[in-house]
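Right, one structure below, let's go through it.
The values are calculated or read from the model by the stated rules, or taken from the named source; none is laboratory data. Note that the structure is a prediction, hence the values are computed from the model and not measured. Cβ placement follows ideal geometry from the backbone for every residue including glycine, while neighbour counts extend to all protein chains displayed. These area figures cover heavy atoms from the full protein model, side chains too; ligands, DNA and RNA do not enter into them. Shrake-Rupley method; radii C 1.70, N 1.55, O 1.52, S 1.80 Å.
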Amino acid sequence: MTDLWVWGLLAPASVAVGLWVWQRMHPVSFWYLVGFPLRMLMIYGTWRSVASGCGLSRRKRRWRWTFPGLGDEPMAARHVVTLDQRRKLRRVDVERAPRIGLIRPTRQGFQVSIRLHKGQTPEDYVRVLDKLAHAWRVHSVRLASWEPGRIVLVATLTDPLAKVPFPAAPDGLLRVRVGLLDTGEPFVIDFRTVPHWMIVGATQSGKSNLINALFVGLAPQPVALVGFDLKGGVELAPYERRLSALATERAECIALLADLIGVIKDRMALCRTYRVRNIWQPGLPDAERPIPIVLLVDEVAELFLMADKKKEQEEVSALATRLLRVAQIGRAFGIYLVVCGQRIGSDLGSGVTALRAQLTGRICHKVNDEETAKMALGDMDPAALAAARKIPASMPGTSVVIGADGRWRRMRSAYVSENEADAAADTWTHLAPSWEDLTGRASADPVDASDVTPEELAEFSASTSA
Ligand SMILES: Nc1ncnc2c1ncn2[C@@H]1O[C@H](COP(=O)(O)OP(=O)(O)OP(=O)(O)O)[C@@H](O)[C@H]1O
């Protein structure tokens, strides 16, 4: 008898310990063989009540057997018992859950397709994703794709951003994998698709780390890097060896921008000669193709802040005009911008709003107020703005980004320490062209600071159009 008790307790305990060890040592095989089948049973078993609780079910008129003598409750045909004499076939309202398809396991959770009821749209499901995540006991549920009448939901068991094992790495010319999306896919900054980027976030939210990640990915590429760092150079000076130029004063920035406008004019002439509209078109011989330039601007507010002095106002106005011009026409001539700051709002000056409109790529780290999130993410879904404010301080480097499909996602940058970025600067120093080589003029040469005029632009467009 005692033996029976001992075995009765020991057997389940050893099975539980065995499962626990299996799950710890081989989480993926445990998930596919044990966790997923159990989860699938739970989801199918509770789908009617979950859909009803989330407001996804629809009331429909159906023929049903009813039992007037038993409180006149409508009952499904499968509940018919022996009260044949009293039953009556009547049309009643029944609740129908949307039809749920086959649940498929993924490495991080599962995905399931759902057939929409008539009158439903994917947005009806987006509104209740949080409720579904709680009901299914998963970290998050997102809408992965849709086609008319059908959506696919993807559930993630744990937060993939809790630990980003993803190293920042180059992913092709002017493409850098800087972090991980909450979908488990890499997040790529691709300058040839999205030429100009804006990185916003409160202090200690992870902006500099993202710049480090970007730097480590760009350093091994044949790309010229230019830095504006008005925080006295503390952020970008350590990487100066790999930069073609670094400006730490506003006057220096203005001079470098004048040079960049000169570069644009030279490249414009080159494109005109070969009758191409940008430096990437195949009509331009590879030997003639100029090196792309990425301009990193750290803490943009410092560029625009001014005292009442007239000289400063003139400086800021010259800087704003040139930076805007580079943003407007630089893309075709291989000049790309990354602008970083705590706030990039109109309160900094009139030029800022126009500059912001040119920065298509948006990365919004943790911000403290909705206004700043709006500045970065525009009039996105209010949930995106709320998500940017809710990023926990314990997860620096996490941000809200707008994906290629126009939907917002959470992203966390790969952690890149200053030492790693320093080492990359050391290793790839030889890839940094000198400013003189880049601009085609000796530093003592007077700079042609005149802007690219609209007439010049029109002439360029006319001469390169076929
Ligand atoms: N992706 C990440 N993973 C882990 N830690 C990170 C990540 N990003 C940033 N951190 C850490 O968070 C802290 C703040 O990061 P960072 O200096 O990049 O913030 P910041 O927004 O540039 O701050 P500030 O505006 O004050 O310069 C640093 O200690 C950094 O190591």
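Here the stretch 232-282 is the region considered, the condition is being in a loop (DSSP other than H, G, I, E, B) and touching a residue at least 60 places away in the same chain (Cβ under 8 Å), and the residue that is farthest from the chain's Cα centre (by Cα) is R275. Considering only residues that are of a type in the set (S, T, Y) and free of Cβ contacts under 8 Å to residues at least 40 places away in the same chain, look in the stretch 1-33 and name the one that is least open to solvent (accessible area, probe 1.4 Å). So, considering only residues that are of a type in the set (S, T, Y) and free of Cβ contacts under 8 Å to residues at least 40 places away in the same chain, the one least open to solvent (accessible area, probe 1.4 Å) is S29. Restricted to the stretch 181-195, and to residues that are closer than 22 Å to A388 by Cβ, surrounded by fewer than 23 Cβ atoms within 10 Å (Cβ to Cβ) and in contact (Cβ under 8 Å) with a residue 60 or more places away in the chain, which residue is farthest from the ligand (Cβ to nearest atom)? Filtering the stretch 181-195 for residues that are closer than 22 Å to A388 by Cβ, surrounded by fewer than 23 Cβ atoms within 10 Å (Cβ to Cβ) and in contact (Cβ under 8 Å) with a residue 60 or more places away in the chain, the one farthest from the ligand (Cβ to nearest atom) comes out as V194.
The single condition from (1) in contact with a helix residue (DSSP H, G or I) (Cβ under 6 Å, 6 or more places away or on another chain); (2) surrounded by fewer than 16 Cβ atoms within 10 Å (Cβ to Cβ); (3) not aromatic (F, W, Y) that L173 fails is (1).
Looking across Q342, Q313, one residue alone is out of contact with any Ser or Thr (no Cβ under 6 Å at 6 or more places or on another chain), open to solvent by 20 Å² or more (accessible area, probe 1.4 Å) and modelled with pLDDT of 90 or more. It is Q342. If you check V339, V326 for being touching a residue at least 24 places away in the same chain (Cβ under 8 Å) and either within 16 Å of the ligand (Cβ to nearest atom) or touching a Phe, Trp or Tyr at 6+ places or on another chain (Cβ under 8 Å) (or both), only one passes: V339.
In the stretch 119-133 there is no residue that is in a strand (DSSP E or B), more than 30 Å from L225 (Cβ to Cβ) and in contact with a Leu (Cβ under 8 Å, 6 or more places away or on another chain). Within the stretch 110-145, the set of residues being more than 27 Å from I391 (Cβ to Cβ) and open to solvent by 60 Å² or more (accessible area, probe 1.4 Å) comprises R115, K118, G119, T121.
Could you grab me the full set of residues in the stretch 89-109 that are under 26 Å from the mean Cα position of the chain (by Cα) and either open to solvent by less than 30 Å² (accessible area, probe 1.4 Å) or outside the structural domain of L143 (by TED's automatic domain parsing) (or both)? Residue satisfying the conditions is G109 alone. If the Cβ limit is 6 Å and pairs must be 6+ apart or interchain, which residue in the stretch 410-438 that is under 25 Å from I199 (Cβ atoms) and within 11 Å of the ligand (Cβ to nearest atom) pairs with which residue that is aromatic (F, W, Y) and not in a helix (DSSP H, G or I)? Correct list of pairs: M411/F187; A414/F166.
The condition (being surrounded by fewer than 15 Cβ atoms within 10 Å (Cβ to Cβ) and within 16 Å of the ligand (Cβ to nearest atom)) is satisfied by just one residue among P382, P392: P392. Which members of the stretch 395-408 meet the condition of being more than 15 Å from the ligand (Cβ to nearest atom) and surrounded by fewer than 19 Cβ atoms within 10 Å (Cβ to Cβ)? Matches in the stretch 395-408: G403, A404, D405, G406, R407.
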